[in-house]
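The structure appears below as structure tokens.
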Amino acid sequence: MSTTQSERLRGLLEPLVSARDLDLEEVEVTPAGKRRVLRIVVDSDDGVQLDACAELSRAISQTLDDADAMGQHPYVLEVTSPGADRPLTEPRHYRRATGRLIKARLAEGGELVARITAVDDEGLDVEVPGVKGRRPTARRLAFKEISKARVEIEFNRKPAEEAAGESDASSDESKEEA
């Protein structure tokens, strides 16, 4: 049984990534003209800082050179965090998206747009926004009920803490006026 280059690279790089308390999400080698691009995607529960990516990139580059894992052909190394619109495929992805709005394609058919409120080993609790003035409704989804999901980017949503702080401030102001 042969292993692909990506699988061999994953085996080589996973210990480096794990040692920094990061998850190795993806290893991808793609042709780009006369070169190849080696894209390493890492993530963590706390996100990934630019400095961590730069330090990890240096360590990966040294390890690849020492092991001659990419051979003699030139390549470009990219170490990055996943994009905001990446697919949610693992329970940890859903956990990291708690509080965010997602769009899920359901295995039984149809789509659901909802906000993740909690995640456990079997699935997630979501809040489906109400329509036409109706209240949001809670729903439980098992991971096996979801065939595909992504975070929906929200440009005008106020963070819950900020919205709560504004309502506290306005009630403090009204108390002072009274």
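The values are calculated or read from the model by the stated rules, or taken from the named source; none is laboratory data. Keep in mind that this is a model prediction, so the values were computed, not measured. Backbone-built Cβ (ideal geometry, glycine too); neighbour counts: all protein chains shown. Side chains included, ligands, DNA and RNA excluded: accessible areas come from the protein's heavy atoms. Shrake-Rupley method; radii C 1.70, N 1.55, O 1.52, S 1.80 Å.
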With runs of 4+ DSSP H residues as the only contributors, calculate the mean residue ellipticity of the chain at 222 nm using -39,500 (n - 2.57) per run, divided by the residue total and rounded to the nearest 500.
-> -10000 deg cm²/dmol
Report, in debye and to the nearest 20, how large the dipole of the stretch 20-128 comes out about its Cα centre when Lys and Arg carry +1 and Asp and Glu carry -1 on their Cβ.
-> 580 debye
Specify which labelled value, from (i) 0.94; (ii) 1.11; (iii) 1.07, agrees with Rg/Rh (Cα atoms, Kirkwood Rh) derived from the coordinates of the model shown.
-> (ii)
Long-range HN-HN contacts of ILE102 with modeled amide H, under 5 Å | ALA114, ARG115, ILE116, GLU152
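Leaving ligands, DNA and RNA out of it, report the carbon-plus-sulfur percent of the accessible area of the stretch 82-134 at a 1.4 Å probe.
46 percent
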In whole Hz, with x marking every Gly and Pro, tabulate ³J(HN,Hα) for the stretch 111-128 from phi via Karplus 6.51 cos²θ - 1.76 cosθ + 1.60, θ = phi - 60°.
-> 10, 9, 10, 7, 9, 6, 10, 7, 9, 9, 5, 9, x, 9, 9, 10, 10, 8
Under 5 Å between amide H atoms, partner at least 5 residues away or on a different chain: which partners does ALA107 have, H built in plane at 1.01 Å?
-> ILE146, SER147
Could you calculate the contour length gain from LYS34 to ARG8, that is, 0.36 nm times the residue separation minus the distance between their Cα atoms, to one decimal place in nm?
-> 7.2 nm
Ranked highest first by average number of other Cβ atoms within 10 Å, how do 5-11, 38-44 line up?
-> 38-44, 5-11
What is the spin-label model distance, in nm, from ASN156 to GLU90 if the labels are put 7 Å beyond Cα along the C-beta direction?
-> 3.6 nm
The stretch 25-67: C-alpha pair distances exceeding 16 Å, % | 49 percent
Charges only on Cβ, +1 for Lys and Arg, -1 for Asp and Glu: so what's the dipole of the stretch 1-65 about the Cα centre, in debye to the nearest 20?
-> 620 debye
So how much slack lies between LEU50 and VAL131, counting 0.36 nm per residue of separation and subtracting their Cα-Cα distance, in nm?
-> 25.2 nm
With all protein chains present, how much of the accessible area of the stretch 1-75 (probe radius 1.4 Å) comes from carbon and sulfur, to the nearest whole percent?
-> 48 percent
Identify, among LEU24, ILE60, SER44, the residue whose Cα sits farthest towards the positive end of the charge dipole of the stretch 20-71, taking +1 on the Cβ of Lys and Arg and -1 on the Cβ of Asp and Glu, with the dipole about the Cα centre.
-> ILE60
So what's the convex hull volume per residue for the Cα atoms of the stretch 23-122, in Å³?
-> 142 Å³
Per residue accessible area in Å² of the chain, where ligands, DNA and RNA are left out and the probe is 1.4 Å | 66 Å²
